[in-house]
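Since the structure comes first, as structure tokens, the remarks are kept for the end.
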Amino acid sequence: MDKNNMKPYVFKHPDYGWLRVLVVDGIPYYCILDVRFIFDKGPKKLYKAIALSTGEVRSFKIVVKPHNKENHNPFFNGKEIGVSRKRKKDITVDYNFCDEQLIADLLNLNNPDESLGFKWITGFVKRVLAHPEVRVLYDAQEAEVVADNSISQPNSIVLSDNTLWINDQVFH
């Protein structure tokens, strides 16, 4: 897969927080960590949704560039990946994303907050991604997607007690 066909974006909502999106060959994939917080799902519910969904989980290798104070839309804050924003070198992280089908399967239709979050993702976010002149406003900074790990290795998804591991990423 050509890394030029993988582009990161960052959306921010006053109620839901961040939503990081990778567009790969024209298909959007959504950061599972962000989706989990939008829908307020614990590890067990997330595990069940992934197991029962026909949706897809994909792991991507992302190079995180040093922080530049002039950047307004970084893909990562330093805390979540366990590094200082003051570092001078690039680092590489593997992060998990899901497709729209998995998000739909995660949705509780009886929960109005979840329904509104789903509408934001499938409405606003997808509309923005469809319009290059607007999409550029959401370009992620300080990150470069370099590889789709899902091509070279299978996903490892394990639930133990109340901790979910998706590949190397931990969800409490």
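The values are calculated or read from the model by the stated rules, or taken from the named source; none is laboratory data. Since the structure is predicted, the reported quantities are computational estimates derived from the model, not experimental observations. Positions of Cβ are backbone-derived with ideal geometry, glycine not excepted, and every protein chain shown enters the neighbour counts.
A few comments on the model shown:
- Candidate set from segment 99-141 (those that are under 24 Å from ASN68 (Cα atoms) and touching a Phe, Trp or Tyr at 6+ places or on another chain (Cβ under 6 Å)); member that is surrounded by the fewest Cβ atoms within 10 Å (Cβ to Cβ): TYR138
- The set of residues in segment 106-119 being of a type outside the set (Lys, Arg) and over 15 Å from CYS31 (Cα atoms) consists of LEU107, ASN108, LEU109, ASN110, ASN111, PRO112, ASP113, GLU114, SER115, LEU116.
- In this structure, VAL158 does not satisfy being touching a Ser or Thr at 6+ places or on another chain (Cβ under 7 Å) and either at pLDDT below 95 or of a type in the set (Val, Ile, Thr) (or both).
- Residue tally, condition buried (at least 21 other Cβ atoms within 10 Å of the Cβ) and within 24 Å of ASP148 (Cα to Cα), over segment 35-46: 2
- When restricted to residues that are surrounded by 14 or more Cβ atoms within 10 Å (Cβ to Cβ) and either under 18 Å from the mean Cα position of the chain (by Cα) or not in a strand (DSSP E or B) (or both), segment 147-172 contains 12.
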